[in-house]
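The values are calculated or read from the model by the stated rules, or taken from the named source; none is laboratory data. Being a predicted model, the structure only gives us computed values, none of them experimental. When we count neighbours, we look across all protein chains shown, and the Cβ atoms used for this are built from the backbone with ideal geometry, even at glycine.
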Amino acid sequence: MIARFGWFLFLFALPGYSATLLVPDEFPTIQAALDSAVHGDEIVVATGVYYERIRFMGKNVRLRSLDPTDPAVVAATVIDASQAGSAVTFQGTETEECVLSGFTIRKGWAVFGGGIFGGGCQATIEYNTVRECRASGGPNHGGGLYECDGLIQHNFIYDNAAPNGEGGGLYGCGGSIFYNTIQDNYANRGGGLAVCSARNHGNFVLDNTATGNAGLGGGYYRCDGLTTNCVVARNDADFEGGGFYSCTGSILFCTVYSNGAFEGYSFHGCSGVLQNNIVGGPVSPVVNSRQPTYCCFTNWDGEGEGNFQANPRFAEGYRLAPDSPCIDAGRAAFVTVDTDLDGEPRPYDATDRPRGDGSDLDIGAYEFIGTAQPNPLPNRPVNESPMDGETLLGFVFSMVSSPFSDDDPEDDHVASEWEVSLTNDFTDIWGGTGYTKNFLTTLRAIVEGEPFPAETTFWWRVRHADSYGAWSEWSVPTSYQTRAPGALLQVPQDFATIQSAIDNSVDGDEIVVATGTYKEDIDFLGKNIVLTSTNPLDATVVASTELRGLNIRSPAITFTPQILGNTFGVLRGFTIFAHDNHGIDCNFTMATLENNVIKSGPIIDPNGPVRNNRIEGGPGIIDPGNATCIIEGNTILSGGIQGQFSFPTIRDNLITGVSGRAITECHGLIEGNTITGVSGRGIAECHGLIQSNTITYNGFGGIDECDGTIRNNLVAFNKTPTNSGGGSGIVGCDGIIENNIVAWNSTDTNASGIAGCDGTIKK
């Protein structure tokens, strides 16, 4: 029996007195004690394993072990459900005066809350270990805790699961979740916590997994409470949100590290404020989320005020080492966070170097206490080239600084930034700044695609960043002047390669290339320049000036359109070896191609003149442009001319020996061409004016399905293969057909002359 003394004077003097019930000394089971207890009682349980499931039944009692703050006592005081049903069940009406403290709760098995079913109670749950519990059976939630809305603090929630539902560790908890370790739990969604609107503070959320057909939120899933001073590390999601998924609460002063997911390693779909966090792990840690601010990333260079990329440099347990760049680098938050995860004061001024917003708050879950040893800044670089005051050949050139150097030998060079200005005080930046993430100190000065105007003085400077995210001072600015156009640049006398000459050219320049073999892919960079051999009219010189493309997946020669206006570059007098699918890409510019020999590779998308070239190999001319594209005087031995809704002028070309059709789907003027000895049709599916052409000895007919005007052509000695069913003269053309000579064509049908033509046929 319980010793419940009821003397009137004693109760009158101490009206708040509660009885203490002892298990097993007075009651053999915990449930027996709970059955007997009334509001305000305390139940103290001795060490041992209690094979039972307990129910609080709405009673506000304190149920505890002998010493809840002693881990050894907690480990030795076990509530083992070992059967279907929650290990601990609250009715849901319990208030904060109800306390569960200091137990190991294990092997509960229920649809909701395998460990603890809260039902929305306000009970305090503290200093417990909840492990090996499971929410199972259809959609299930809360392997460890379910709908516990009171204070949840200093618990170890470990190895629980909701394999077909949400919240391997906790589900639907809306009170305060402070200083817990939530580890090695798993669920379909929310391996650690799911749908918890509670304030999260000082928790370790480690090694949890979201797996299965959803795989969302390894650490947190749809948790809307404010999260501060937490370490969220090594969690994993099969799909999205290794650390946090779709959490609307703000996340401040947390260390979110080494989480894994298919997408959004740290944050996916998080709309709250993301500030003062250390975020480490693979690339793309933030997806579809609010832009972070004042965060340290190990592998992300996204935008956001105060963010930087650096090694956070940890001491033990995610605490900051004295040389961490995260020290004093944070920002004052919109909520007060007075202490860190260790309970140390926050902020603490540990450096004399201005960082962050000046609040001296550290980034991450821990505040560094002591005197920091700030990483030395990289040494200030020196502008080496161009020389100060130098007049440059062109507007695309190399700016070279002294190599990166740092007094810390462990530091690496991770980035450089440069600025080009019209003034030496950099108040008038030309096109903005440039930034490169590489280890080079040689920077290509193309600023946002805009060419520098000629005869203008510019100033430039550069700075380097180290692996801490620390930047050197800007170099002392130096100036250079761009030159006037119209220079003659020689390869290899002035420049070793054709591309380097193009890089240093301006509109109006001429680049003359000596005989030799040049193995490179070249890009005209949108410049109106002439690129020529020493004598484009000398066949021996042209044959001896070879340009051989290198990359089989890109053009050997590219004409890049200008941002404003068109490109009128000229390519003249080369023998060109390209690849079958990537030859000369004109990009519908007004580039001129003349007096070249094409050994392989196509001419793609020309819109300017293509004249007096000899095409000996490759697919020929593909997709010419409109009337400005004039294809004339060429000898085409391979590929033909293949249009697609094109309107070029095609005249005075010799097309012979081509495998397949000679001219196809070109709807502009076609005149004066000699088309002979091709294996396919001479002209097919071209609906413009076709006149004064000689079309003879072709292997699949002369003119076919052309609906424009066809006149004054000689169509003779063409034939079609046996059993092809096609005609060999002028066939299937529905426009005006007049004054043509159509003779001596042969076919195995009756269509050897003019056949199947529904237009007007005149003498």
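So, Thr77, is that one under 16 Å from Phe156 (Cβ atoms), hydroxyl-bearing (Ser, Thr, Tyr), buried (at least 17 other Cβ atoms within 10 Å of the Cβ) and out of contact with any helix residue (DSSP H, G or I) (no Cβ under 6 Å at 6 or more places or on another chain) or not? So Thr77 fits the description; yes. Summed over region 134-149, residues that are part of a loop (DSSP other than H, G, I, E, B) and in contact with a Leu (Cβ under 9 Å, 6 or more places away or on another chain) total 3. In this entry, Ala627 passes the filter for residues that are over 15 Å from Asn740 (Cα atoms) and among the aliphatic types (A, V, I, L, M). For region 314-336, check the following and say yes or no: at least one residue is of a type in the set (Asp, Glu) and closer than 15 Å to Asn277 by Cβ. The answer is no; no qualifying residue exists. The condition of being outside any helix (DSSP H, G or I), at pLDDT below 95 and surrounded by 16 or more Cβ atoms within 10 Å (Cβ to Cβ) holds for Asp507. Taking region 539-567 as the range and being surrounded by 15 or more Cβ atoms within 10 Å (Cβ to Cβ), more than 18 Å from Cys586 (Cβ to Cβ) and not polar (S, T, N, Q) as the test, the residues that pass are Val541, Val542, Glu546, Arg548.
The lone criterion from (1) over 16 Å from Thr104 (Cα atoms); (2) more than 53 Å from the chain's Cα centre (by Cα); (3) surrounded by 14 or more Cβ atoms within 10 Å (Cβ to Cβ) left unmet by Asp35 is number (3).
Restricting attention to region 601-632 and to residues that are within 21 Å of Phe645 (Cβ to Cβ) and among the aliphatic types (A, V, I, L, M), the residue that is surrounded by the fewest Cβ atoms within 10 Å (Cβ to Cβ) turns out to be Ala627. Based on what the data block shows, is Pro561 over 41 Å from the mean Cα position of the chain (by Cα) and either on the phi > 0 side of the Ramachandran plot or in a loop (DSSP other than H, G, I, E, B) (or both)? Spelling it out, it is not the case that Pro561 is over 41 Å from the mean Cα position of the chain (by Cα) and either on the phi > 0 side of the Ramachandran plot or in a loop (DSSP other than H, G, I, E, B) (or both).
Table: residues versus (1) under 49 Å from the mean Cα position of the chain (by Cα); (2) surrounded by fewer than 16 Cβ atoms within 10 Å (Cβ to Cβ); (3) in contact (Cβ under 8 Å) with a residue 12 or more places away in the chain.
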site	(1), (2), (3)
Gly58	no, yes, yes
Thr69	yes, yes, yes
Val73	no, no, yes
Ala81	yes, no, yes
Val88	yes, no, yes
Leu100	yes, no, yes
Phe103	yes, no, yes
Arg106	yes, no, yes
Phe112	yes, no, yes
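For every residue, the table says whether it meets (1) among the hydroxyl-bearing types (Ser, Thr, Tyr); (2) under 21 Å from Gly569 (Cα atoms); (3) part of a loop (DSSP other than H, G, I, E, B); (4) touching a residue at least 40 places away in the same chain (Cβ under 8 Å).
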{"position": "Asn607", "(1), (2), (3), (4)": "no, yes, yes, no"}
{"position": "Gly617", "(1), (2), (3), (4)": "no, no, yes, no"}
{"position": "Arg661", "(1), (2), (3), (4)": "no, no, yes, no"}
{"position": "Gly668", "(1), (2), (3), (4)": "no, no, yes, yes"}
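Please find, among Ile152, Ile125, the residue that is buried (at least 24 other Cβ atoms within 10 Å of the Cβ), part of a strand (DSSP E or B) and free of Cβ contacts under 8 Å to residues at least 40 places away in the same chain.
Exactly one residue qualifies, and that residue is Ile125.
Scanning region 243-293 for residues that are under 23 Å from Glu166 (Cβ atoms), over 17 Å from the mean Cα position of the chain (by Cα), not in a strand (DSSP E or B) and not hydroxyl-bearing (Ser, Thr, Tyr) yields a total of 7.
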